[in-house]
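Single-structure report; data block below.
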Amino acid sequence: MENNVLLKTSAGDIDIELWSKEAPEACRNFTQLCMEGYYDGTVFHRVVPEFIVQGGDPTGTGTGGESIYGFKVGPDFCEELVI
């Protein structure tokens, strides 16, 4: 699995570093959906300047979404990555 995904937006590109060893299910799900074009045309539904952007929900609300596994993928937490 690649270690990075390049997200192209109307505001510029974002290089996303994936931690596939630490969060394998989430990374595989995200990567597969990217390759299928699932996120094409979606918007960032939540933007907090200097903190976070959230997107990828086709409804644009943060309440929808799909998983390659057929169920919602829970968070993959790795203590070494928690700040």
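The values are calculated or read from the model by the stated rules, or taken from the named source; none is laboratory data. Please read all numbers here as calculations on a predicted model, not as lab measurements. Here Cβ is always computed from backbone atoms with ideal geometry, including for glycine, and neighbour counts include all displayed protein chains.
The table below gives the values:
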| item | result |
| --- | --- |
| Any hit, the range 54-63, residues being within 22 Å of Trp19 (Cα to Cα), free of Cβ contacts under 8 Å to residues at least 60 places away in the same chain, touching a strand residue (DSSP E or B) at 6+ places or on another chain (Cβ under 7 Å) and not polar (S, T, N, Q) | yes |
| Cross-chain or 6+ apart pairs with Cβ under 6 Å, the range 20-47 first and of a type in the set (D, E, K, R), then assigned to a strand (DSSP E or B) | Arg46/Gln54 |
| Candidate set: the range 57-83, residues that are aromatic (Phe, Trp, Tyr) and at pLDDT below 85; chosen: the one nearest to Gly41 (Cα to Cα) | Phe71 |
| Flag for Thr59 being loosely packed, with under 12 Cβ neighbours inside 10 Å, assigned to a loop (DSSP other than H, G, I, E, B) and either hydroxyl-bearing (Ser, Thr, Tyr) or in contact with a Phe, Trp or Tyr (Cβ under 9 Å, 6 or more places away or on another chain) (or both) | yes |
| Any hit, the range 10-32, residues being assigned to a loop (DSSP other than H, G, I, E, B), exposed (fewer than 15 other Cβ atoms within 10 Å of the Cβ) and touching a strand residue (DSSP E or B) at 6+ places or on another chain (Cβ under 7 Å) | no |
